[in-house]
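Data block below; observations after.
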Amino acid sequence: MADKKLVEEITSRDVDFTQWYTDVVRKAELMEYSSIKGFMIYKPNGYAIWENIQKELDARFKETGVQNVYMPMLIPESLLDKEKDHVEGFAPEVAWVTQGGLNELPERLCVRPTSETLFCDLYKNIVQSHRDLPKLYNQWCSVVRWEKTTRPFLRSSEFLWQEGHTVHATAEEAEERTIQMLNLYADFCENVLAIPMVKGRKTDKEKFAGAVATYTIEALMHDGKALQSGTSHNFGDGFAKAFGVQYTDKENKLTPVHQTSWGVSTRLIGALIMVHGDDSGLVLPPRIAPVQVTIVPIQQHKDGVLDQAYALRDTLKQAGFSVTVDDSDKRPGWKFAEEEMRGVPLRIEVGPKDIENGQCVLVRRDNREKVIAKIDEVVAKVGETLENEQNDMLARAKEHLNSHIYDAHNYEEFKEIVENKPGFIRGMWCGDVACENKIKEDTTATSRCMPFEQEKISDVCVCCGKPAKKLVFWGKAY
Ligand SMILES: [Zn+2]
């Protein structure tokens, strides 16, 4: 049984989701506010999750031929100005450096909000021939976007991310890479983070500044709000033309390259919290949890108990699990509550009676199910239990997603659903931005994506009643 006192300090998820979220990020010690508004400190528990996300994704990127680079954090204003849509899109949230040492700079430098312009400037110099293509670069870094309202992991003025930037000889190759990376993200989210995604294309209103097409993965949080969790952009040759990135093709003709960019950020930590967390705190899927197993010795002052706990730890470590022993002098109930707050997927309890019986007790974090394991079978049992937990978490998240998708056939229905049923709304759309604007103004819901799996659920636009062109997922979003 978890210690009540610690648990009582967090607000119930269904009473006040926003407050619950804030409580969990603080009590699980994921982050701390810094002295600059909107800039956050990643504490060890939070940063370790990011490190695991990085490790997993980085390996997957490299399998597709991507190489890592590191670009400067400052961008000269003249460089940013070269692509008109891009600079307009980012201007409202750019931070500027105007002084170097004691002197005013001749040209303002912006702190990168994203690095397309820098990559273009690099590719312009290193791409000459079709033999130089493709270039598949990625960087892990932080970017700065001066946000008015901020929330830990979801929206902060500085955040950690990766940005991949590739250049290709043909439009087909660029489109293929754009979709490949979106699928890679969706697969990672589903199989590692246990978060199912809706995949689709953004409308022109919602696409990235300067892109021809933006593709997105959208997740549904426990409260029924959507979270854009990753995007992949096809830039066509627009940036290439603005920056003069061109190559001589096989016929010796100068041709602009085709370009993509794609990224995910520490928002994924926010998604993990809001999809899986419960009233006792964080619940981490075993494949991403920095600590997979915590061993809690019961009556640890008694002979042999701590020894057994350490022996278990060593056995499990050797088998490749990430394990800790909580041998502090806190009461077991308090230890349980702490480890539950941090979302550790599995607890192992071992006390004098268990030792007598040659066993230990495994307790799953997600459903608190108890499994008795013989000491000599503990490796197999832990592996099996973590695997079941991972699969059950994904199944539950899928069930939550599927049971919160509603169809609207006309505007009355649409407004009724937005008002009363948090989740995704499927509704047909005529393709006119005026309808997107009206829906946003009337209901605060936005178009999340035009899903890859298109269907015709009605002939007319859910907003204006004119002939419909696309099925759109709508929803309130973070
Ligand atoms: Zn319409």
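What follows draws every value from the coordinates through simple rules; no lab data is involved. Remember, predicted model here, so these are calculated numbers, not experimental data. We place every Cβ from the backbone using ideal geometry, glycine too, and count neighbours over all the protein chains shown.
Structure notes:
- For the chain, the longest principal axis of the C-alpha atoms and the axis of helix 267-276 are separated by about 50°.
- Counting only Cβ charges, +1 for Lys and Arg and -1 for Asp and Glu, the dipole size of the chain around its Cα centre is about 400 debye.
- Shown is the FRET efficiency for A395 and E453, computed with R0 = 22 Å from the Cβ-Cβ distance and rounded to the nearest 0.05: 0.60.
- The stretch 262-327 shape via C-alpha gyration tensor axes, a/c threshold 1.5: oblate
- Taking a ≥ b ≥ c as the square roots of the eigenvalues of the alpha carbon gyration tensor, the stretch 30-154 is oblate, as a/c is not under 1.5 and a/b does not beat b/c.
- Nearest-0.05 FRET efficiency for N420 and T324, computed from C-beta distance (R0 60 Å): 0.85
- Model label points for E176 and R331, set 7 angstrom from Cα along the Cα-to-Cβ axis, are 6.4 nm apart.
- Residue (of Y123, Y215, W140) at the positive-pole extreme of the chain, dipole from beta-carbon charges: Y123
- Simple spin-label estimate for K241 and T64 gives 2.6 nm between the two label positions (7 Å along the Cα-to-Cβ direction from each Cα).
- Summed residue charge, Cβ within 14 Å of N125's Cβ, Lys/Arg positive, Asp/Glu negative: 0
- Violating pairs (Cα-Cα greater than 31 angstrom) within the set K55/K381; K205/K225; K84/K202; K335/K476; K205/K466; K82/K250: K335/K476
- Residues H168, H233, H400, arranged from fewest to most other Cβ atoms within 10 angstrom of their Cβ, appear as H400, H168, H233.
- Whole-angstrom gap from the stretch 66-122 to the stretch 191-255, using each part's C-alpha centre: 20 Å
- Footprinting exposure proxy for T150, T248, T444 (fewest neighbouring C-beta atoms within 10 Å first): T444, T248, T150
- Extension gain, D81 to H409: 0.36 nm times the residue separation minus the Cα-Cα distance gives 113.7 nm.
- The length gained on full extension between I36 and Y310, counted as 0.36 nm times the residue separation minus their Cα-Cα distance, comes to 94.4 nm.
- When only the Cβ of Lys, Arg, Asp and Glu is charged (+1, +1, -1, -1), the dipole of the stretch 295-418 relative to its Cα centre reaches about 340 debye.
- Ascending count of other beta-carbon atoms within 10 Å, so fewest first, for R155, R331: R331, R155
- When the Cα positions of C430, V460, H409 are compared along the charge dipole of the stretch 405-475, C430 comes out farthest toward the positive end, with charges on each C-beta of Lys, Arg, Asp and Glu.
- Whole-number percent relative contact order across the chain, with pairs defined as alpha carbons under 8 Å at least 6 apart: 14 percent
- By definition, a body whose alpha carbon gyration tensor gives a ≥ b ≥ c is prolate when a/c is 1.5 or more and a/b is larger than b/c, and the chain fits this prolate description.
- Tilt relative to the chain, helix 378-402 - C-alpha long axis, 0 to 90 degrees, to 10: 50 degrees
- Only Lys, Arg (+1) and Asp, Glu (-1) charged, at Cβ; the stretch 2-276 dipole about Cα centre in debye: 120 debye
- 20 Å cut-off, amide nitrogen to a point 7 angstrom out along I372 Cα→Cβ, residues in the stretch 261-301: 296-299
- Over the stretch 405-475, relative contact order from alpha-carbon pairs under 8 Å, at least 6 apart, %: 41 percent
- Residues T18 and S142, FRET efficiency given R0 of 25 Å [Cβ-Cβ distance, rounded to 0.05]: 0.50
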